[in-house]
Amino acid sequence: MNSQVPPLTVIEPPQVLPATGTGGDVPGPRRGRPAAVWDLDGTLTRTGTLLPFLRRVAGPAAVVRAMAVAASRDLPRHGRRSAAKALVLQQLLGGRELGAVDPLARDYAGRVRKTLRADAMRLWSWHRDSGHRLVIASASPGIYVHHLGRLLGADEVICTEMAVVNGRLTGALKGGNCRGHEKARRVLEHLHEQPASRVWAYANSAVDRPLLEIADIAVRVTTYRHLTLRRDTLRDDR
């Protein structure tokens, strides 16, 4: 591993929550394969993935213009980030044929895979080898996150989806931005459909606290030192 690339670190000790941490209605032991839920940007990856993807599709100049337009708009204070993101996506992807964008997205996912954090991927592999279900939960668009999930062998990808009509991207978000409380809600919905006896959650941003709060083992990470877990948190309860 390149010594110039800072690996992950736990900036809060892994938090082991009660067995009802995933919002189960019935107290007591849960059944089902253990699950590990991973945020993408800054957790599995070193940096954000959306802007580099948009630059590949639309070009750097178009991305700068779209961001300038979003910054100039009088967007609602509550949810401003999501509104700006939706506006940028609409400007850059709206009207494009899915068949033309999808190959770029597939190629981009392959490039992202080659730059994933080695220490995060070691834990990803530990979960996979232990028979745990692997879930990616991301605010990034599914147009490339689904491809990345397939490359990594993820069992489920929960992310921001984009609307498609007659084979063309409309630029609109389908079901809203998968961020913060909305991400946690969708993960909980998935866990109710496919219960897990134990749930790990990995995320790097304060906005993902709702996701961390529904996990049995919550790990908040950042980009300075090595990501490790205490031996007792790695215990397999299958």
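The values are calculated or read from the model by the stated rules, or taken from the named source; none is laboratory data. Just so you know, these numbers come straight off a predicted model, no measurement behind them. With ideal geometry, Cβ positions are generated from the backbone for all residues, glycine too; neighbour counts draw on all protein chains shown. Keep in mind that these areas ignore ligands, DNA and RNA; they rest on the heavy atoms of the full protein, side chains included. Shrake-Rupley method; radii C 1.70, N 1.55, O 1.52, S 1.80 Å.
Starting from the amide H of R133, placed 1.01 Å from N in the peptide plane, find each other amide H under 5 Å away whose residue is 5 or more places distant or on another chain.
Hits under the 5 Å cutoff: A35, A36.
Say each of R55 and S130 gets a label point 7 Å from the Cα, pointing the same way as Cα to Cβ; how far apart are those two points in nm?
In this crude label model, R55 to S130 measures out at 3.7 nm.
If you take the beta carbon distance between K174 and T222 as r and set R0 to 25 Å, what does 1/(1 + (r/R0)^6) give as a FRET efficiency, to the nearest 0.05? Provide the component values of the computation, followed by the final result.
Details: r = 31 Å, r/R0 = 1.24.
Efficiency for this residue pair is about 0.20.
What is the stretch 163-214 by shape, rounded, prolate or oblate, if you read a ≥ b ≥ c off the alpha carbon gyration tensor as root eigenvalues and call it rounded for a/c under 1.5, prolate for a/b larger than b/c, and oblate otherwise?
oblate
Once you have a ≥ b ≥ c as the square roots of the Cα gyration tensor eigenvalues for the stretch 91-201, tell me rounded if a/c is under 1.5, and otherwise prolate or oblate according to whether a/b is larger than b/c. Intermediate results must be reported in sequence, preceding the final value.
Values: a/c = 2.48, a/b = 1.44, b/c = 1.72.
Oblate, since a/c reaches 1.5 and b/c is not below a/b.
Report the accessible area of L51, computed with a 1.4 Å probe over the heavy atoms of all protein chains in place, in Å² rounded to the nearest 10.
We get 60 Å² for L51.
Keeping the other protein chains in place, figure out the carbon and sulfur percent of the accessible area of the stretch 88-188, with a 1.4 Å probe.
50 percent
Rounded to the nearest whole Å², what accessible area per residue is found for the stretch 53-138 with the 1.4 Å probe? Don't skip to the answer; put the middle values down first.
On the way: 4490 Å² over 86 residues.
For the stretch 53-138, the solvent-accessible area averages 52 Å² per residue.
Please calculate how many Å² of accessible area the stretch 141-205 carries per residue, with a 1.4 Å probe and no DNA, RNA or ligand atoms counted.
Solvent-accessible surface per residue comes out at 41 Å².
Treating the Cα atoms of the stretch 94-147 as identical point scatterers in vacuum, please give the log10 of the normalised Debye intensity I(q)/I(0) at q = 0.15, 0.16, 0.29 Å⁻¹, two decimals.
-0.55, -0.61, -1.18
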